[in-house]
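Below is one structure; the comments refer to it alone.
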Amino acid sequence: MKCPYCGHLENRVVDSRLNREFTITRRRRSCDACQRRFTTYERLEVTLPMLVKKDGRRESWDRDKLMAGLKKACEKRPVSMAQIEEFVDTLEIELQDMGEREVPVKLVGERVMDGLRNMDEVAYVRFASVYRQFKDLSEFMDELKSMLNTTKS
């Protein structure tokens, strides 16, 4: 591991800890050259399916892209980063367990919206407005009405 401060390649692990789900290892390291400490995170690399876009293009799974969209939707809402990360972890496991090489992006988008609906309705509406690309206000209002009807049931 290259030291982010001096670029030296030799370092030692001072401390290692697993997260609650035992999926990420956090390591505190000390550079042998400059003695400064830094943290690295180790996660098992999983093979996730390619996403098939609406126009037929294929795109690799991008966790960071989904995380950015979820963070934006949940901005200034009572949704913690831990909740978002746990949701994305669960979604990745579901996709991996499907065993498919390609998955329609629509399936992933619907799953994300279902998860957001359970986490925070305002975040759900924000995400849906971007994901579904409502053409006008009436489409948006129809979605809100259906969400309100579902909530009352």
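Nothing in this text is a laboratory measurement; each read-out follows from the coordinates by a stated rule. All values derive from a computational prediction rather than experimental measurement. Quick reminder, even Gly has a Cβ in these numbers, built from the backbone with ideal geometry, and neighbours come from all protein chains shown.
Where Lys and Arg each count +1 and Asp and Glu each count -1, what net charge lies around residue 76 among other residues with Cβ under 12 Å from its Cβ?
Working: positive: 71, 72, 77, 126; negative: 75, 120.
Every neighbour counted, the sum reads +2.
Work out the charge dipole of the chain with +1 on the Cβ of Lys and Arg and -1 on the Cβ of Asp and Glu about the Cα centre, then indicate which of 69, 149, 105 is farthest towards its positive end.
After comparing all options, I get 69.
Helix 105-119 versus the longest principal axis of the chain: what angle, 0 to 90°, nearest 10, using Cα atoms?
Between the helix axis and the principal axis of the chain, the angle is about 90 degrees.
Looking at the chain, which Cys residues are left with no other cysteine's beta carbon under 4.7 Å from theirs?
74
Counting other beta carbons within 10 Å of each Cβ, put 79, 14 in order, fewest first.
Fewest to most other Cβ atoms nearby, the residues stand as 14, 79.
Any idea what angle helix 63-73 forms with the longest principal axis of the chain, computed on alpha-carbon atoms, 0 to 90 degrees, nearest 10?
Value to nearest ten degrees: 50.
Enumerate lysine pairs in the chain that are 8 or more residues apart or on different chains, then count those whose Cα atoms are under 19 Å apart. Could the numbers behind the result be given before it?
Values: 53/65; 53/106; 54/65; 54/106; 54/135; 65/106; 106/135; 135/145.
Close lysine pairs found across the chain: 8.
In the chain, once you exclude exposed GluC sites (Glu not before Pro) (DSSP loop, at most 11 other Cβ within 10 angstrom), what's the longest stretch remaining?
Values: sites that count: 10, 21, 45, 75.
It runs 76-153.
With +1 on each Lys and Arg Cβ and -1 on each Asp and Glu Cβ, how big is the dipole of the chain about its Cα centre, in debye rounded to the nearest 20?
With only Lys, Arg, Asp and Glu charged at Cβ, the dipole is about 600 debye.
Relative to the compact-globule scaling 2.2 N^0.38 Å, provide the ratio for the alpha-carbon radius of gyration of the chain.
Compactness ratio reported: 1.34.
If I model a spin label at residue 44 and residue 80 as a point 7 Å from the Cα along the Cα→Cβ vector, what separation in nanometres do I get?
Going by the 7 Å Cα→Cβ label model, 2.4 nm.
For the charge dipole of the chain, defined by +1 on Lys and Arg C-beta atoms and -1 on Asp and Glu C-beta atoms about the Cα centroid, which residue among 39, 118, 25 has the Cα displaced farthest towards the positive pole?
39
Pairs of alpha-carbon atoms within less than 8 angstrom and 6+ residues apart define the contacts here; what relative contact order does the range 50-152 have, in percent?
So the answer I get is 31 percent.
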